[in-house]
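The values are calculated or read from the model by the stated rules, or taken from the named source; none is laboratory data. None of the values given here were measured: they were computed from a predicted structure. Neighbour counts run over all protein chains shown; Cβ positions are idealised from the backbone, glycine included.
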Amino acid sequence: MEIKFLEAKDIYLLRRDVLRPGMKEFTDVMFKEDADPTGFNLGIESDGRVIACITAFKSSNPDIDKKVQYRLRALSVDEKFRHKGLATRLIERAIKECISRGAEAIWFTARVHLINFYNKFGFKEYGEHFLIPNSCMHVKMHKII
């Protein structure tokens, strides 16, 4: 299964089903950054539907002292396709793509229960844990390139 660049509209259904299960509307998973020209969406499809995706865009975090920063957002993998390495492939590809676009740092907010997963890619947590409404506890993570 090949990783492709996708339009944001192509990943809203998966984002909603994974990140906001039970919600009917897409509004919680439609981000203003989806229209950011510095951004990109990567996805993996199976039988014509998106089964895994991640979004990245240029975004400055005042906690990080680097000029060019990219933020990862909304990593989503269909429940039927988890534990097959798809998230790992997407993160590795997103990191490479961010670096190719000049990133000096990459950051995001992560669900607390996934901290160890992201540590495998060199990301470090910082700051206090916090609750995102309609979701769960999160923490900020970053990687200096």
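Scanning region 92-132 for residues being touching a helix residue (DSSP H, G or I) at 6+ places or on another chain (Cβ under 8 Å) and β-branched (Val, Ile, Thr) gives a total of 1. The residue list 64, 99 contains one member that is farther than 22 Å from residue 132 by Cα, surrounded by 13 or more Cβ atoms within 10 Å (Cβ to Cβ), more than 13 Å from the chain's Cα centre (by Cα) and in contact (Cβ under 8 Å) with a residue 24 or more places away in the chain, which is 99.
When the strands (runs of 3 or more DSSP E) confined to region 51-145 are screened for residues that are touching an Asp or Glu at 6+ places or on another chain (Cβ under 9 Å), of a type in the set (A, V, I, L, M) and more than 22 Å from residue 8 (Cβ to Cβ), those reaching at least 1 such residues are found at 105-111, 137-144. Of the residues making up region 42-83, those that are touching a Cys at 6+ places or on another chain (Cβ under 6 Å) and either among the basic types (Lys, Arg) or over 19 Å from residue 138 (Cβ atoms) (or both) number 1.
Check region 19-39 and report whether any residue there is at pLDDT 85 or above, more than 17 Å from residue 70 (Cβ to Cβ) and not aromatic (Phe, Trp, Tyr).
No, every residue in region 19-39 fails to be at pLDDT 85 or above, more than 17 Å from residue 70 (Cβ to Cβ) and not aromatic (Phe, Trp, Tyr).
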